[in-house]
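*Asks:* Sending over a structure as structure tokens; questions will come in a sec.
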Amino acid sequence: MRLLTLLAVAIVAPIAGLAAPACEAPSYRRGEDLCNQYKSPPKICTPDPTVTVEETAKRAYQFYKAFVVDGDARTMFSLIDNAYIYMMAQHPGHNNVPVPIPSRSKLLSTGLKDFVNRHALVHPQKNLTVQLHNAEVRANMSSSASGFPKSSDVPGEQFEPRQTATSEDYTPDYAQSLELSPARQRLVDDIIALYSCQPTVERVKRYTPDCVYDDQFVYANDRYKMAGQWFALPKLFKASINESYQVIRSDDEMIQFKNKQSWTFRLIPKTATITGLVSLSLDPATKDSDFMQIKYHKDQANDKDYSHEGLGFTFKKWQADNVVKHMDAPELKEFEQDKYSAKEHVRKYGTGTEQGAAPKKDFTT
């Protein structure tokens with residue numbers, strides 16, 4: 001699908017060249033935290049050993065999303081434990097009204113002094129935004145290290161595979177391709193058919209309504225936008241031929257294959273052959289069914305991953321958001337309701353290198 005906008009490469013190239021990763025929100029130096037001001041610190045000052053860093057980061061991200069992104073006060077306050085309110089009530093300048101402590105907060109029981117310090121009291125919202133931004137980054141990294149969610153209820157953004165490569169050569173060797181079960185082979189066949197300008201409603205249904213498609217030129221964050229991309233391909237290309245592919249990973253989380261595709265333009269008598277790494281994150285609810293579905297489809301053409309920042313990404317998202325608006329394919333009506341599917345804000349990494357939560361892997365063997 002990355003070829004959908006190859007006609008615009010001459011325009012995008014100088015823009016992408018100017019794009020630079022947006023800097024992360026600043027991290028404030030730790031001040032004198034409130035826990036150290038007590039002779040007998042409240043229980044919330046003691047980290048709960050049963051709560052992992054990953055749990056804390058994810059809960060912090062939920063709080064950040066409710067507070068900063070959605071403005072959802074009800075959800076925001078539901079994530080604040082009464083133990084935190086109790087501690088603030090005991091701090092000088094507050095009425096010393098005891099508040100019961102039913103339990104320790106999973107949000108604030110780890111790294112509390114990053115959230116409650118002198119600067120936090122003077123500029124509470126600014127400090128909270130900064131700290132929860134950092135918590136989101138940690139959540140992104142932890143999800144990359146510990147695997148994808150086990151539930152299908154969470155949006156596709158949480159199933160993003162992150163990886164960089166030791167080489168940008170993704171030339172497939174079909175003879176070395178992993179053997180797949182019939183159900184998995186049918187899924188790969190459908191995806192190859194989509195790449196080959198053969199879209200159908202049934203093939204697009206290989207994706208969940210809240211799926212994400214992510215490549216060099218497109219970021220489509222629901223199935224309606226993705227359908228617009230697939231059904232647009234035959235209008236732009238006279239032919240698209242799969243030269244070869246090689247499945248290199250097949251497990252409960254993902255099917256991954258190297259792909260080689262040749263594209264012939266309709267308006268320009270030219271054929272372009274491109275290789276890439278295709279990663280299909282599987283829907284947990286259908287991974288063992290006869291009709292498997294995809295939560296996240298990533299297509300990488302070089303050794304870098306995507307930072308999801310800068311002017312280049314702005315173009316990617318704009319392109320996906322707007323192409324579908326100008327499509328008249330009747331098949332798209334089948335997916336109109338998908339534009340209301342659950343979404344999360346775009347996860348940003350600052351860079352497409354290893355430092356952007358994208359471990360380096362060797363795909364040459």
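The values are calculated or read from the model by the stated rules, or taken from the named source; none is laboratory data. Nothing here was measured: the structure is a model prediction, and the numbers come from that model. For neighbour counting, all protein chains shown are included, and Cβ atoms are generated from backbone atoms with ideal geometry for every residue, glycine included.
*Asks:* Any residue in the range 260-272 that is farther than 22 Å from P234 by Cβ and either in contact with a strand residue (DSSP E or B) (Cβ under 6 Å, 6 or more places away or on another chain) or in a loop (DSSP other than H, G, I, E, B) (or both)? Walk me through how you get there before you give the answer.
*Replies:* Quick first cut of the range 260-272, residues farther than 22 Å from P234 by Cβ only: none.
So far as the range 260-272 goes, no, none of its residues is farther than 22 Å from P234 by Cβ and either in contact with a strand residue (DSSP E or B) (Cβ under 6 Å, 6 or more places away or on another chain) or in a loop (DSSP other than H, G, I, E, B) (or both).
*Asks:* Taking Y224 as meeting all but one of (1) of a type outside the set (S, T, N, Q); (2) in contact (Cβ under 8 Å) with a residue 60 or more places away in the chain; (3) closer than 16 Å to F291 by Cβ, write down the number of the exception.
*Replies:* The single condition Y224 does not satisfy is (3).
*Asks:* So, one more: Just for the range 181-205: of the residues that are in contact with a strand residue (DSSP E or B) (Cβ under 6 Å, 6 or more places away or on another chain) and in a loop (DSSP other than H, G, I, E, B), which one is surrounded by the most Cβ atoms within 10 Å (Cβ to Cβ)?
*Replies:* C197
*Asks:* Here is a follow-up. Please determine whether any residue of the range 286-306 is closer than 23 Å to E354 by Cβ, in a strand (DSSP E or B) and of a type in the set (V, I, T). Talk me through it step by step, then tell me what you get.
*Replies:* Within the range 286-306, the subset closer than 23 Å to E354 by Cβ is 296-306.
Remaining after also requiring in a strand (DSSP E or B): 296-300.
Within this subset, residues satisfying the condition of being of a type in the set (V, I, T) are none.
Looking for residues that are closer than 23 Å to E354 by Cβ, in a strand (DSSP E or B) and of a type in the set (V, I, T), one finds none in the range 286-306, hence no.
*Asks:* Here is a further query. Counting only residues that are in contact with a helix residue (DSSP H, G or I) (Cβ under 8 Å, 6 or more places away or on another chain) and acidic (D, E), which one in the range 215-252 is surrounded by the most Cβ atoms within 10 Å (Cβ to Cβ)?
*Replies:* Filtering the range 215-252 for residues that are in contact with a helix residue (DSSP H, G or I) (Cβ under 8 Å, 6 or more places away or on another chain) and acidic (D, E), the one surrounded by the most Cβ atoms within 10 Å (Cβ to Cβ) comes out as D222.
*Asks:* Within the group D288, D303, D251, which residue is among the charged types (D, E, K, R) and under 19 Å from the mean Cα position of the chain (by Cα)?
*Replies:* Step by step, each of D288, D303, D251 is checked, and only D303 is among the charged types (D, E, K, R) and under 19 Å from the mean Cα position of the chain (by Cα).
*Asks:* Kindly indicate which of S240, S152 is part of a strand (DSSP E or B) and hydroxyl-bearing (S, T, Y).
*Replies:* Numbers: S152 fails: part of a strand (DSSP E or B).
Answer to the check: S240.
*Asks:* Is it the case that T171 is surrounded by fewer than 17 Cβ atoms within 10 Å (Cβ to Cβ) and either assigned to a helix (DSSP H, G or I) or modelled with pLDDT under 95 (or both)?
*Replies:* no
*Asks:* Here's something else I'd like to know. Select, from Y195, Y219, the only residue that is at pLDDT 95 or above, under 23 Å from D251 (Cβ atoms) and of a type in the set (F, W, Y).
*Replies:* Result of the check over Y195, Y219: Y195.
*Asks:* Looking at this structure, is C211 in the same structural domain as D299 (by TED's automatic domain parsing), in a loop (DSSP other than H, G, I, E, B), surrounded by 19 or more Cβ atoms within 10 Å (Cβ to Cβ) and not charged (D, E, K, R)?
*Replies:* No, not satisfied.
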